[in-house]
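Structure first, then comments.
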Amino acid sequence: MTISFNINGKPTSLDVDGDTPLLWVVRDMLDLKGTKFGCGKAACGACTLHVDGKAIRSCSYAVKYAEGKNITTIEGLSDGDQLHPVQQAWMEEVVPQCGYCQPGFMMATAALLEQIPHPTDEDIDNNIVNVCRCATYYRMRKAIHRAADIQSQNAKTQTS
């Protein structure tokens, strides 16, 4: 089956079994290794990426559902050398410990900030449900609030 979609802004067509999880297409066929395999059951969030701007767990998302859609991986979150506010905040707050789960957290956070530009702690708790075995949740919460501030400052600069 030929599946066509845009990934990180680039048109892509692949001949692949439509039931193949999008995660394996992204990692193994497109060689974008930032999206991680964690549990294979859509529970941990290490495989989170965006499909048409919505955070999805790619380990349980069949590639056939990506037909005609826009997919963004952690590699496509930044704009060239310009880091996304979430990536910048993650660095400023020194969030990662082992770092394995962090791409999924950043992708989930970027999607949250599109929906709720200034999330409360409750918004974060209700929407960012990925799992971090190193338990860097406190630093992630700080980084999410920092990313919201950076994003807001960037928006003000662009309108000035």
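The values are calculated or read from the model by the stated rules, or taken from the named source; none is laboratory data. Note that this is a predicted model, so its numbers are computed, not measured. Quick reminder, even Gly has a Cβ in these numbers, built from the backbone with ideal geometry, and neighbours come from all protein chains shown. Note: accessible area is taken over every heavy atom of the protein model, side chains too, but ligands, DNA and RNA are not part of it. Shrake-Rupley method; radii C 1.70, N 1.55, O 1.52, S 1.80 Å.
So which residues in region 38-52 are under 13 Å from the mean Cα position of the chain (by Cα) and either open to solvent by 50 Å² or more (accessible area, probe 1.4 Å) or acidic (Asp, Glu) (or both)? Asp52, the sole residue that qualifies.
The test for being assigned to a helix (DSSP H, G or I) and either in contact (Cβ under 8 Å) with a residue 24 or more places away in the chain or touching a helix residue (DSSP H, G or I) at 6+ places or on another chain (Cβ under 6 Å) (or both) holds for Glu75.
For region 53-81, what are the residues that are under 20 Å from Ser13 (Cβ atoms) and either modelled with pLDDT under 95 or open to solvent by 50 Å² or more (accessible area, probe 1.4 Å) (or both)? Lys64, Tyr65, Glu67, Gly68, Lys69, Asn70, Glu75, listed by residue number.
Residue check: is Asn126 in contact with a strand residue (DSSP E or B) (Cβ under 8 Å, 6 or more places away or on another chain), among the polar types (S, T, N, Q) and under 22 Å from Cys44 (Cα atoms)? The answer is no for Asn126. Among the residues of this structure, Met140 does not count as one that is more than 26 Å from Trp24 (Cβ to Cβ), assigned to a helix (DSSP H, G or I), among the hydrophobic types (A, V, I, L, M, F, W, C) and without any contact (Cβ under 8 Å) to a residue 12 or more places away in the chain.
Looking at Gln97, Gln87, just one residue is open to solvent by 20 Å² or more (accessible area, probe 1.4 Å), of a type in the set (S, T, N, Q) and closer than 23 Å to Asn6 by Cβ, and that residue is Gln87. If you go through region 40-53 and keep only what is without any contact (Cβ under 8 Å) to a residue 60 or more places away in the chain and closer than 15 Å to Asn130 by Cβ, you end up with Gly40, Lys41, Ala42, Cys47, Leu49.
So that you can scan it fast, the table gives a plain yes or no per residue for (1) of a type in the set (Gly, Ala, Ser); (2) more than 16 Å from the chain's Cα centre (by Cα); (3) at pLDDT 95 or above:
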position	(1), (2), (3)
Glu114	no, no, yes
Asn126	no, yes, yes
Met140	no, no, yes
Ala143	yes, no, yes
Arg146	no, yes, yes
Ile150	no, yes, yes
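Being touching a Gly at 6+ places or on another chain (Cβ under 7 Å), under 15 Å from Asn8 (Cα atoms) and of a type in the set (S, T, N, Q) is a description that applies to Thr48. Applying the condition of being in contact with a helix residue (DSSP H, G or I) (Cβ under 7 Å, 6 or more places away or on another chain) and of a type outside the set (Gly, Ala, Ser) to region 78-87 and asking which residue is nearest to Ser152 (Cα to Cα) yields Pro85. Only one of the numbered conditions (1) assigned to a loop (DSSP other than H, G, I, E, B); (2) among the small types (Gly, Ala, Ser); (3) touching a residue at least 40 places away in the same chain (Cβ under 8 Å); (4) in contact with a Lys or Arg (Cβ under 6 Å, 6 or more places away or on another chain) is violated by Ala89, and that is (1).
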